[in-house]
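Have a look at the structure below, then the notes.
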Amino acid sequence: MSGLKLPHDLINKTLIKTSEVPIGLDYRRFGEKGSHITEHQAFRSESKRAVELHSLLLEGKSGLLRDGEIVMTGWKTESPFIPESEIDAIESAAKTLASDIDDFWSIGIGGSYLGIRAIVEAVMGSIEMSNMLSREERCGTPRIFFLGQNMDPVYTANVLALMKGRRVGGSVISKSGGTVEPAIAFAIIKDLMEKSYSADEVSKRIVAITASKKCSLRSLAEQKGYETFAVPDNVGGRFSVTSPVGLFSLAVAGVNIREFIAGARYGEEQTRSMPFEKNIAQLRAVMRYLAHKKLNKDIEVASTGIYDLKSVTSWMQQLGPESEGKNGEGLWISPEYYTEMAHANGQMIQMGKRNMFETFIMVEDPGVDVTITAKGTPVEYLDGETLHFVNTAFIEGLRDAHYEGGVPTMSYLLPDLSAFTMGMFFQTEMNVIALSGLMLGQNPFIQPGVQLYKDIANIRSGKPGTEEAAEKIKQKEADLDPKFIL
Ligand code: PA5
């Protein structure tokens, strides 16, 4: 049997240029029971409050913006305005590393992982798919693997096995330098590399991205002679994708980081200069807040019909809840990939408890399309149409049906999946979450719950110095009633 033929006119690719077409927001269906959110009696006062809070973010003068002594708004006031010389340094280090390796590992968790994966996949294609292509088909970039975002032995073993026998290198990212999941992944890969290559080769192929002040990772990097980039003190993990945390790995993966930053800068400028009624970040923050506090919505469904944007919805799942989920408040974010999930929890969104609203990420031109050939089949009426046309029609159908079913919906409108568009989208959404967190009275830049989990996990895994606390945990466990375990 011969191989599958692909006629040349089946798959159509459009060349994604730097679009510089701004993203949009369609919120015509944001309301319930026939009433638009702008008609809510609190809309005016909350809009005014959002504008004031935005000024507060820019001025940096509030305890709610600090982590310890530091005002954590560098992602807004500095990252999008990163000097050219820093971009040059990051790009040049990334280029040198990328040309020297077959496989690139990026180690990090939470904010040191999700934003990178989201942008790489949106702009360059999902890594599951692109790692299966030849280097030439991947535009000359190395394969990308993420490690340290979990401690799953099966996942880790599979990634290591896939890299066996290849020239590998990567970046280890941890602002604190001490987060256990990435620290373990790095310990394993460092050891393997030291056993496979000369000391000189190892030091040339590892880049460490960590706090500028002394921490265990920085000390190790200095001792081993790895190149380092600093995580700015005033930028927290989940807001760090426009800093060296994101930029280095993005550049290795082939994302044009100048265009990405230009998009982020444009998004920032729009958030600063647009009047409220045209200001995507401020409007969306007010709508999220009112949906939560006045319409009793607890869940934001973040939906896409584009496989390469699944990680973007995962990034949203982190950015919102880790920033807002404090003091018994905050919106849960549920990522949905359609139309796959329309046949699963789509039923719940349509007809279950009315405690959710939905944000769609719609893309005008995803850069590739497939022509449907359907003569003599039940879908003959779609013969000659394209998948993007039908996919969009179905997702718009879901949006309309969910709205009719009592789910307020809004849609981000992205012109394409270019680096510029993603930069604008990410900067806008970071503004949205900072603002809606502040509207809830939260400090969006701290994560005491995550710290608590890190502390308890450290105790349970036997970190030296935690022996007394471990005893207490053992005692608590012994106090549990054994009749409830089968
Ligand atoms: O957004 C955050 O602050 C967190 O998700 C952190 O990025 C995550 O906990 C990893 O921390 P670190 O970079 O210090 O290893």
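So what is the accessible area of segment 1-106 per residue, in Å², with the probe set to 1.4 Å?
On a per-residue basis, segment 1-106 sits at 62 Å².
Just name one of 384, 287, 12: the one whose Cα is farthest towards the positive end of the charge dipole of the chain (beta-carbon charges, Lys/Arg +1, Asp/Glu -1).
The residue sitting most towards the positive pole is 287.
Provide the solvent-accessible area of residue 26, counting protein heavy atoms only and rolling a 1.4 Å probe, rounded to the nearest 10 Å².
Residue 26 exposes around 20 Å² with every protein chain in place.
Among residues other than residue 86 whose Cβ falls under 12 Å from its Cβ, what is the net charge (Lys/Arg +1, Asp/Glu -1)? Walk me through the intermediate numbers first.
Working: positive: 258; negative: 78, 84, 88, 91.
Neighbourhood net charge equals -3.
Over segment 363-459, what is the relative contact order in whole percent, taking alpha-carbon pairs under 8 Å and six or more residues apart? Mind dumping the intermediate values first?
Details: 53 pairs, mean separation 23.1, N = 97.
Averaging sequence separation for qualifying contacts and normalising by length gives 24 percent for segment 363-459.
Setting aside same-chain residues fewer than 8 positions from residue 13, which lysines have a Cα under 21 Å from its Cα?
Cross-link targets: 5, 310.
What are the extents of the Cα atoms of segment 249-380 along their three principal axes, in Å, largest first?
Sorted from largest, the Cα extents of segment 249-380 read 57, 44, 31 Å.
Counting only protein chains, not ligands or nucleic acids, how are 481, 416 ordered by accessible area (probe 1.4 Å), most first? Write out the running numbers ahead of the final one.
Values: 481 70, 416 15 Å².
Most to least solvent-accessible, the answer reads 481, 416.
Can you tell me which of 235-245, 187-197, 465-475, 201-211 comes out highest on packing, and rank the rest after it, using the mean Cβ neighbours within 10 Å? Walk me through the intermediate numbers first.
Working: 235-245: 27.4, 187-197: 14.9, 465-475: 11.6, 201-211: 21.2.
Per-residue mean Cβ counts within 10 Å order the peptides as 235-245, 201-211, 187-197, 465-475.
Which entries of 297/353; 95/204; 326/454; 214/326; 48/293 have Cα-Cα distances beyond 20 Å here?
On the way: 297/353 10 Å; 95/204 12 Å; 326/454 17 Å; 214/326 30 Å; 48/293 16 Å.
Pairs exceeding 20 Å: 214/326.
For segment 238-366, calculate the relative contact order in percent as a whole number, restricting contacts to Cα pairs under 8 Å that are 6 or more residues apart.
Working: 116 pairs, mean separation 33.2, N = 129.
Value for segment 238-366: 26 percent.
Give the separation of the Cα centroids, segment 125-187 to segment 21-70, in Å.
That distance is 38 Å.
Given a 1.4 angstrom probe, I'd like the percentage of the accessible area of the chain that is carbon and sulfur, rounded to a whole number. Don't skip to the answer; put the middle values down first.
Values: 13040 of 23020 Å².
Looking at the chain in its full context, I get 57 percent from C and S.
Taking the full set of protein chains and a 1.4 angstrom probe, give the accessible area of residue 35 in square angstrom, rounded to the nearest 10.
Near enough 50 Å² of accessible area.
What does the highest-first list of 307-318, 1-12 look like by mean Cβ count within 10 Å? Mind showing how you got there, number by number?
Working: 307-318: 21.8, 1-12: 7.5.
Going from most to least packed, we get 307-318, 1-12.
Using a 1.4 Å probe, what is the accessible area per residue for segment 273-420, in Å²?
42
Once you order the gyration tensor axes a ≥ b ≥ c over the Cα atoms, which shape class does segment 372-434 get: rounded for a/c under 1.5, otherwise prolate or oblate by comparing a/b with b/c? Before the final figure, lay out each step's value.
Working: a/c = 6.04, a/b = 1.65, b/c = 3.65.
Because a/c hits 1.5 or more and a/b fails to exceed b/c, segment 372-434 counts as oblate.
Under the definition of Cα pairs under 8 Å and six or more residues apart, what whole-number percent is the relative contact order of the chain?
Details: 796 pairs, mean separation 117.3, N = 486.
That works out to 24 percent.
222 nm [θ] for the chain, helices only, -39500 (n - 2.57) per DSSP H run of 4+, per residue, to 500?
Numbers: 18 runs with 221 residues, N = 486.
The helix contribution divided over the chain gives -14000 deg cm²/dmol.
Treating only the Cβ of Lys, Arg, Asp and Glu as charged (+1, +1, -1, -1), what charge dipole size does the chain show about its Cα centre? Round to the nearest 20 debye.
Details: 52 positive and 62 negative charges, 178 e Å.
The dipole of the chain has a size of about 860 debye.
Rounded, prolate or oblate, given the Cα gyration tensor of the chain, with a/c below 1.5 counting as rounded? All intermediate terms of the calculation are to be shown ahead of the outcome.
Working: a/c = 1.42, a/b = 1.12, b/c = 1.27.
The shape class here is rounded.
Can you pull the accessible area of residue 51 for me, 1.4 Å probe, Å² to the nearest 10?
Its accessible surface works out to 60 Å², give or take rounding.
Tell me the per residue accessible area of segment 164-213 using a 1.4 Å probe; a whole number in Å² is fine.
Values: 2210 Å² over 50 residues.
Each residue of segment 164-213 exposes 44 Å² on average to a 1.4 Å probe.
The values are calculated or read from the model by the stated rules, or taken from the named source; none is laboratory data. Quick caveat: nothing in here was measured; it's all calculated off a predicted structure. Using ideal geometry, Cβ is built from the backbone for each residue, glycine included, and neighbour counts are taken over all protein chains shown. Each accessible area value is taken on the protein alone, full model and side chains, heavy atoms only, with ligands, DNA and RNA left out. Shrake-Rupley method; radii C 1.70, N 1.55, O 1.52, S 1.80 Å.
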